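Working notes, structure below.
The values are calculated or read from the model by the stated rules, or taken from the named source; none is laboratory data. Nothing here was measured: the structure is a model prediction, and the numbers come from that model. Note that each Cβ is placed from the backbone with ideal geometry, even for glycine, and that neighbours are counted across all protein chains shown. Please note that ligands, DNA and RNA were not included when accessible areas were found on the heavy atoms of the full protein model with its side chains. Shrake-Rupley method; radii C 1.70, N 1.55, O 1.52, S 1.80 Å.
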Amino acid sequence: MMTRWHDIQNILGAMDLFRTQMNSLFTDFDRAYSSGRGWGGPDVYPRTNLNDTGDNLELIAEIPGVGREELNVKIQGNYLEISGSRTTDAPEGYTVHRTERPATTFSRSFTLPYEVDAAKVTATLKDGLLTMTLPKSEAAKPRQISIQ
Amino acid sequence: MSENHVVARTEQPAELVRQVPVTAPAVDILENESEILLHADLPGVRKDDIAIHVDNGTMTLSGTRRVQTTGAASWRELGDVEFRRTFAVPQSIDVDKVHAELKDGVLRLHLPKSESAKPRQIEIAAG
């Protein structure tokens, strides 16, 4: 009888261990970049920063593995849309062990705080970061007021 | 009891000191007969800021990114970060021949297998 009881304890112990493992799994998973961290918003892609430098707005977006050709940026007034697709970069003839970066298409749109001059917008793509300089339209620029 | 595990986790001294948050980059791991190939997303990390250490069966990949900020922030979803992740690598990897390239924020790390670990066709001698 005593040994039977011991068996049950063993099973419970194993279940406890399993539960601990499962819990730490979630903690580890939370640390994965894709699920976002404290400074990231909810699950949005791509993640962006928007800065206001007076005459311009500057947008930085994080799009690793996306080439220039696969990226589309559309601007109209104060509406900005970034869309694109990421193709799989796995070469032929390899066995796949782990895929955390699947091929996807994405699209995100923003309402900018000011109207921008779409003709003067510049965009560069470097090291997986898209940096856009969006000059504010004349009406939206800060102006020095001379006092009479 | 399991809940306690989450609650009871206190900040380690190392975390308190560290300025830059650490996150694990997303990776793909592929393998063929001659090498193991690892693709990791490291957006905004420059070549010089990536460190790869292979030691005693573990490989640590680390890259720090600094985001340039100018002007006033309207919103901020990405910041300075250290991408760090540790992998177990088989002893059959030829450490001297490990090489990597970086393009569009994606690191492609080649881990060639040593000659002795490659599959081999055995000739059977006629008796």
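Some points to look at:
- The lysines whose alpha-carbon is closer than 26 Å to the alpha-carbon of B:K118, local same-chain residues fewer than 8 away aside, are B:K97.
- FRET efficiency for the B:D80 to B:S114 pair, using the beta carbon distance and R₀ = 45 Å, is estimated at 0.75.
- Segment B:20-96: proportion of alpha-carbon pairs further apart than 19 angstrom, %: 46 percent
- Inter-label distance, A:A103 to A:A118: 3.1 nm, where each label sits 7 Å from its Cα along the C-beta direction.
- These residues, B:R120, B:R108, go from largest to smallest accessible area, 1.4 Å probe, as B:R120, B:R108.
- Unit charges at the beta carbon, dipole of segment B:21-127: most positive-side option, B:L37, B:G63, B:A126: B:G63
- Note, ³J(HN,Hα) from phi for segment B:104-112, Karplus 6.51, -1.76, 1.60, rounded to Hz, x at Gly and Pro: 6, x, 10, 8, 10, 10, 9, 10, x
- For A:I63, nonlocal amide neighbours, meaning residues 5 or more places apart or on other chains whose placed amide H falls under 5 Å from its own, are A:L129, A:L130.
- Under a 5 Å amide H cut-off, with hydrogens placed 1.01 Å from N, A:T104 pairs with A:R86 among residues at least 5 apart or on other chains.
- Buried on assembly, segment A:67-102 (at least 40 Å² less accessible surface than by itself, 1.4 Å probe): A:D89, A:Y94, A:H97, A:R98, A:E100, A:R101
- Amide H within-cut-off set for B:S114, under 5 Å, with H built and near neighbours excluded: B:I93, B:D94
- DSSP loop GluC sites (Glu not before Pro) with at most 15 other Cβ within 10 Å: longest gap in chain B: B:34-122
- Rolling a 1.4 Å probe over the protein heavy atoms leaves B:I52 with an accessible area of roughly 60 Å².
- The phi torsions of segment A:131-148, fed into the Karplus equation with coefficients 6.51, -1.76 and 1.60 and a -60° offset, translate into couplings of 10, 10, 10, 10, x, 5, 5, 3, 5, 8, 6, x, 9, 7, 9, 7, 8, 6 Hz, rounded to whole numbers, with Gly and Pro shown as x.
- Residue-wise HN-Hα coupling along segment A:113-129, computed from phi with Karplus coefficients 6.51, -1.76, 1.60 (Hz; x: Gly, Pro): x, 9, 6, 10, 8, 4, 5, 9, 5, 10, 9, 10, 10, 9, 6, x, 10
- Computed label-point distance, nm, for sites A:A139 and A:N72 using a 7 Å Cα→Cβ extension: 2.8 nm
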